[in-house]
Amino acid sequence: MKERRQQILSLIQSRGEILVSEVAPLLGVSEVTVRSDLKALVDTGHLRRTRGGARLPLDPRMEAPLEEMQLQQRAEKRRIGRAAAALIQDGETIFLDVGSTATEVARHLPPTLREVTVVTPGLNIALELEKLPHVRVIVTGGTLRRLQHSLVSPYALEILRHVHADRLFLGCNGIDAVNGITNANHEEAEVKRCMVRYARTVVVLADHSKLGVTSRAWLASADQVQTLITSRHTTPPPAALVNLISDFRIV
């Protein structure tokens, strides 16, 4: 069994991704056996499941397309988005960041909200909010990053500098007590840092897989965060992070 799983790892490392239907005949075992091996390798963190197969885990320093990120921790991101949307009150101006978890915030905004202004660098988020007649949507403008459907500099910072938001709902690739909040892309990080600067309250949206992780571009220190909304997991969150952020919410 150990040798077979090592063979599976070697195949994925050479190909990047495998399908159960391809691996089973190569190893001379059933697809049920391969699925069992993949589950064991996923549980130990060696692999990440895909539809019909598996691939190597994402490097937290690297980016994946928004559509791919939306498939990861889907239920957790929905809970985080619902909890974040519940914080928004009538009459508020908010910054809503880009990314899969921020998209869930947009999807869970209640239609009963009135006189709310949402400023976002996310084109897909603006389209999600289009159906809410009493929410004013301002898109920052700038240069399109197709990977995340986001707008970055030049020009993306100009509108943000003229807005003082009640809350910022900030996505990230990692949050650590020492290294702070970090992101995989430097262009987006510039926009995120600007939103942190002009927001009265910073709410970080981070599922459990991002806790204790450091990515490549710094956004803010952990003590600049008023609220962190994260998800339940079998492993407890880092104690240093829990102690640092006063409003630490696990949903």
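Before moving on, here are some points about what is shown:
- Taking only the Cα atoms of the range 145-250, the radius of gyration and Dmax are 13.7, 43 Å.
- Solvent exposure, largest accessible area first (probe 1.4 Å, DNA, RNA and ligands not counted), of ASP97, ASP90: ASP90, ASP97
- In terms of packing, defined here as the mean over residues of other Cβ atoms within 10 angstrom, the peptides 27-33, 207-213 line up highest first as 207-213, 27-33.
- Taking each residue as 0.36 nm, the span from ARG51 to GLU31 lengthens on full extension beyond its C-alpha to C-alpha distance by 5.8 nm.
- Gain upon complete extension [ASN179, ARG249; 0.36 nm per residue less C-alpha separation]: 23.2 nm
- LEU109, LEU244, ranked by accessible area, largest first (probe 1.4 Å): LEU244, LEU109
- Residue among ALA177, ALA40, ALA102 with the largest mean-square fluctuation in a Gaussian network model of the chain, springs linking Cα atoms under 10 Å: ALA40
- Pairwise label distance in nanometres, THR201 with THR143, each label 7 Å out on the Cα-Cβ vector: 3.5 nm
- Net charge of the neighbourhood of LYS39, taken over other residues with C-beta under 14 Å away and scored Lys/Arg +1, Asp/Glu -1, is +2.
- Here r is the Cβ-Cβ distance between HIS186 and GLU3 and R0 is 30 Å; the resulting FRET efficiency, rounded to 0.05, is 0.10.
- Scaling the Cα radius of gyration of the chain by the globular reference 2.2 N^0.38 Å produces a ratio of 1.11.
The values are calculated or read from the model by the stated rules, or taken from the named source; none is laboratory data. Only a predicted model underlies this, so the values are computations on that prediction, with no experimental measurement involved. Because the Cβ atoms are built from the backbone with ideal geometry, glycine has one as well, and the counts that use them run over all protein chains shown. Remember, those area values only see protein heavy atoms, side chains included, never the ligands or the DNA or RNA. Shrake-Rupley method; radii C 1.70, N 1.55, O 1.52, S 1.80 Å.
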